[in-house]
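Remarks on the structure that follows.
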Amino acid sequence: MDANWYAVYTKPRWEKKVAETLARNSFEAYCPLNRVQRQWHDRKKIISEPLFTSYVFVRTDENRHAELKKINGVINLVYWLRKPAVIRDEEIVMIRKFMNQYSNVQLEKTTVNVNDVVRVIKGPLMEQEGNVIAVRNRTIKIALPSLGYIMVAEVEKQNVEIIVKQVPAAVSAKTGTFAIR
C-alpha cells in the first residue's frame, strides 16, 4: 500500500513534541514552523511556532493508523467524509516552498472562496450575480458576465450572499483529499 500524507490533530501546544515523537517512531512527520518575533516585557525574541495550531502532517500508509493514534499527544486523524483525509503531495510541497521563502506567515480563514457563485445584496451592483475570482481581507473580486465581456468588481464581503458554495479546489469529494487553507 502507498503512503499518503494525513493531518493529525494534537493536544494544544504539542505540535513540535508530536512531530519529534513521530519521527522517533519511524513516521515521516512535518510540522511547518513559522518564525515570529515575540515581545516580552524586557526583550524581543524570534521564536519558531507551528503554523497550524494543533495539527501535524504525517506520511504513512493505512495499516499504521492504529499505531499512529497511540502516539502520546495525538488526539486523532483529521477526517473528511468519514475517512482519514488524504493530503496531496503537491500541497505539502507547496507549504514547504512557501515556508522556505517567507517568514512570519499568517493563516486566514475565509467564508467566501474563489469560484463561489455570489449575489450582490447591497450597493450599486445589487442583485448582480457572478463568480468570485479573488478574496482579500475585506473585499472580494467578482467576475460579472455581461454583454459577452467579464466585468470585474471589487465588493465588500458583507455586501454579498453565497448562492452556490463550490468545493474548494484543494478538497475533492471523489478522492477525499484535504487542504488547510
- If R0 = 45 Å, then residue 26 and residue 157, at their Cβ-Cβ distance, give a FRET efficiency to the nearest 0.05 of 0.50
- Among 40, 14, 27 - extreme Cα towards positive end, dipole of region 1-57, charges at beta-carbon: 40
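Quick one: net charge of residue 29's neighbours, Cβ under 9 Å, K/R +1, D/E -1?
Result for the neighbourhood of residue 29: -1.
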- Message: Could you work out how much longer the chain between residue 69 and residue 44 gets when fully extended? Use 0.36 nm per residue separation minus the Cα distance between them, nm to one decimal.
- Response: 5.3 nm
- By the C-alpha gyration tensor axes a ≥ b ≥ c (rounded if a/c is under 1.5, else prolate when a/b exceeds b/c, else oblate), the shape of region 4-101 is prolate
- Item | Entries of 83/157; 11/165; 97/141; 83/141; 122/165 with Cα pairs more than 23 Å apart | 83/157; 11/165; 97/141; 83/141
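Laboratory data are not the source of any read-out in this text; all were calculated from the coordinates shown. Just so you know, these numbers come straight off a predicted model, no measurement behind them. Methodologically, a virtual Cβ is constructed for each residue, glycine included, from the backbone with ideal geometry; neighbour enumeration extends over all protein chains shown.
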